[in-house]
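First the structure, in the form of structure tokens, and then the observations on it.
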Amino acid sequence: MSDEAAIAVAKRDIEACMRLMVFRRGSAYRAAWRVWGTAMRHATDSEPIMYPLWLLWGALTDWVEQRPAEAELAESAMIRAAHEWLLLPENAEVRRAYFDRWLYGELGYERPQHAEPNAAADGGGGSSA
């Protein structure tokens with residue numbers, strides 16, 4: 001399978017997990033963990049999409065793992081992030097804005113000094129959470 005085909009399959013699988021979250025089919029955390037794992041496997045092959053998905057869903061699953069008392073709040077954020085992603089048009093600029101808001105605004109990743117707004121998809125940033 002070509003890299004492009006593998007990324008398409010991964011994106012399809014990720015979005016299926018997101019639908020499970022949105023429609024409340026099972027554990028949001030478990031589905032989010034699958035999103036994180038799938039994105040991680042493809043992060044270096046698809047930096048504009050899979051790398052920031054890996055960061056985003058890693059932070060969301062870490063939230064549950066590191067602060068279990070906030071699991072309900074974290075799972076609500078997972079559902080919201082999934083719902084918003086599923087509504088996005090196939091547009092790179094819109095995706096960058098989504099990643100920028102979620103990574104730097106919602107989840108508290110520190111924006112690198114050299115990064116411009118909407119730079120999340122370029123691989124910049126590190127979690128401050």
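Below are the figures for this structure:
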read-out: Tally, over region 38-89, of residues that are assigned to a helix (DSSP H, G or I) and either crowded, with 16+ Cβ neighbours inside 10 Å or of a type in the set (Asp, Glu) (or both); value: 31
read-out: Residue within region 44-66 that is closer than 24 Å to Ser2 by Cβ and of a type in the set (D, E, K, R) present; value: yes
read-out: Flag if Glu47 is under 20 Å from Leu107 (Cα atoms) and modelled with pLDDT under 95; value: yes
read-out: Members of region 11-37 found to be outside any helix (DSSP H, G or I) and buried (at least 17 other Cβ atoms within 10 Å of the Cβ), listed by number; value: none
read-out: Where a residue in region 54-65 is more than 21 Å from Asp13 (Cα to Cα) and modelled with pLDDT of 95 or more and its partner, wherever it lies, is surrounded by 21 or more Cβ atoms within 10 Å (Cβ to Cβ) and hydrophobic (A, V, I, L, M, F, W, C), with Cβ under 7 Å and at least six apart; value: Trp63/Ala74; Val64/Ala74
read-out: Number of the condition not met by Gly26 [criteria: (1) farther than 15 Å from Asp3 by Cβ; (2) in contact (Cβ under 8 Å) with a residue 40 or more places away in the chain]; value: (2)
read-out: Residue among Met21, Met40 that is touching a residue at least 60 places away in the same chain (Cβ under 8 Å) and under 14 Å from the mean Cα position of the chain (by Cα); value: Met21
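The values are calculated or read from the model by the stated rules, or taken from the named source; none is laboratory data. Small disclaimer: the values here were computed from a predicted structure and weren't measured. Every residue, glycine among them, receives a Cβ derived from its backbone with ideal geometry; neighbour counts consider all protein chains shown.
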